Amino acid sequence: MSDVMPGAAADEAAETHDPAAPAPLGVERVPTGHPRVDAGLERLADADHLPADGHLEVYEDVHRGLRDTLTELDARTPTPPPMSSSYEHRS
C-alpha cells in the first residue's frame with residue numbers, strides 16, 4: 001500500500017503553479033533580416049519573464065529603437081530610381 005494519497009500530486013502542482021506569475025506568450029518572432037529591427041524583436045522576449053508592470057519599460061525601449069532606425073532611414077539621401085532599360089526613344 002502507498003503512503004501517497006491519490007490526489008496528492010495534483011494538489012502539489014496546484015500549490016506550486018502561480019497563475020499570476022510571468023509566462024511567455026508563445027508569440028513567434030520572425031527575423032526581418034535587418035539587424036537593428038531583429039535586435040528589437042529579440043528584446044521583446046525579455047517581457048516574457050517580467051510581471052506585467054515591467055513590460056512597459058521593454059516596450060518603450062523597443063519602440064525607441066525602432067523609431068531611431070526609421071528616423072535614420074528617412075534621413076538618408078534618396079537615390080534616384082534607375083532608368084528603365086525598356087525605354088526607347090522614338091522619333
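The values are calculated or read from the model by the stated rules, or taken from the named source; none is laboratory data. Quick caveat, the model's predicted, so the values are computed rather than measured. A quick note on method: Cβ atoms are made from the backbone with ideal geometry, for glycine too, and the neighbour counts reach across all protein chains shown.
When the test is whether a residue is modelled with pLDDT under 80, under 14 Å from the mean Cα position of the chain (by Cα) and exposed (fewer than 11 other Cβ atoms within 10 Å of the Cβ), Pro24 passes it. Could you look through region 50-78, keep only residues that are among the β-branched types (Val, Ile, Thr) and in contact (Cβ under 8 Å) with a residue 12 or more places away in the chain, and pick out the one that is farthest from Leu25 (Cα to Cα)? Among those that are among the β-branched types (Val, Ile, Thr) and in contact (Cβ under 8 Å) with a residue 12 or more places away in the chain, it is Thr69. Scanning region 28-49 for residues that are surrounded by 10 or more Cβ atoms within 10 Å (Cβ to Cβ), among the β-branched types (Val, Ile, Thr) and within 10 Å of the chain's Cα centre (by Cα) turns up just one, Val37.
Do we have any residue at all in region 9-21 that's on the phi > 0 side of the Ramachandran plot and modelled with pLDDT of 75 or more?
Within region 9-21, the first condition is being on the phi > 0 side of the Ramachandran plot, and the residues that meet it are none.
No, region 9-21 has no match at all.
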